[in-house]
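**Q** Quick one: the structure is below, questions incoming.
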Amino acid sequence: MTTFLCGEPFYDVEKVKVKVLRKVPEIRVGEEVLGPLPQDQEVEVERWVAKILKEEGYVEIIDERSTDLATMSKIAWKESRTPQLTPLEPTFYIKARNYLKSLAEKAKTNPEALNEKRLAEVRLIDVINCRVQKIVNMALTGAQPPREVLDCLTPEERMLFNELCSLISRWRRSIKGGENG
């Protein structure tokens, strides 16, 4: 079963660098025009376009801007040492999931990749646990956090925060004497 992460729309429109392997003709999608692109040129296109062009053999993606173990470790370290949420890019969880998937594939033939995958899973859990604890604490206050705090949330975390606030608010109302009280 495929799961959907709220940050996926951001991920698909994020620009990535590609190298043109063979000339790309002019392509029109609605009002948008791509190309023509000469062979051996390096350009930036949205990820969803790069995926299609790659499948058709037109380009090679050379700049994935993905995450890795070092990046995840830095985020986990920083998150565990600050009382407030640190900014994360909106596509962090999608990139982390894709990284783990790629390591799982590599681990089929490379035992070192399995170790890296295990370490990356631990780091991701560290990030998640630290951030969820901070999000729960924010939701418990019942106050709307400042814009700069909300901007540190990924789309998935914002959804969690909103759901927690709603659930806590309903629960508090029910304790005080009914759902409408």
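**Q** Please specify each residue of segment 132-157 satisfying the condition of being over 19 Å from Thr82 (Cβ atoms) and under 26 Å from the mean Cα position of the chain (by Cα).
**A** Residues of segment 132-157 that are over 19 Å from Thr82 (Cβ atoms), as a first pass: 142-144, 155-156.
Hits for segment 132-157 are Gln144, Pro155, Glu156.
**Q** Please pick out the residue among Glu121, Glu156, Glu148, Glu79 that is out of contact with any Pro (no Cβ under 6 Å at 6 or more places or on another chain), loosely packed, with under 12 Cβ neighbours inside 10 Å and of a type outside the set (Gly, Ala, Ser).
**A** Glu148
**Q** Suppose the filter is closer than 13 Å to Leu69 by Cβ and in contact (Cβ under 8 Å) with a residue 24 or more places away in the chain; does Ala120 pass it?
**A** Judged against the criteria, Ala120 is a match.
**Q** Further, regarding this structure: Can you pull out every residue in segment 146-180 that is assigned to a loop (DSSP other than H, G, I, E, B) and over 19 Å from Phe92 (Cβ atoms)?
**A** Hits for segment 146-180 are Pro146, Lys176, Gly177, Gly178, Glu179, Asn180.
This table checks each residue for (1) among the β-branched types (Val, Ile, Thr); (2) surrounded by fewer than 17 Cβ atoms within 10 Å (Cβ to Cβ); (3) at pLDDT 85 or above.
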{"position": "Glu14", "(1), (2), (3)": "no, no, no"}
{"position": "Lys17", "(1), (2), (3)": "no, yes, no"}
{"position": "Pro25", "(1), (2), (3)": "no, yes, no"}
{"position": "Val43", "(1), (2), (3)": "yes, no, no"}
{"position": "Arg47", "(1), (2), (3)": "no, no, no"}
{"position": "Gly57", "(1), (2), (3)": "no, yes, yes"}
{"position": "Glu64", "(1), (2), (3)": "no, yes, no"}
{"position": "Lys74", "(1), (2), (3)": "no, yes, yes"}
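The values are calculated or read from the model by the stated rules, or taken from the named source; none is laboratory data. The shown structure was predicted, so the numbers you read here are calculated from the model rather than taken from an experiment. Glycine also receives a Cβ, built like all others from the backbone with ideal geometry; neighbour counts cover every protein chain displayed.
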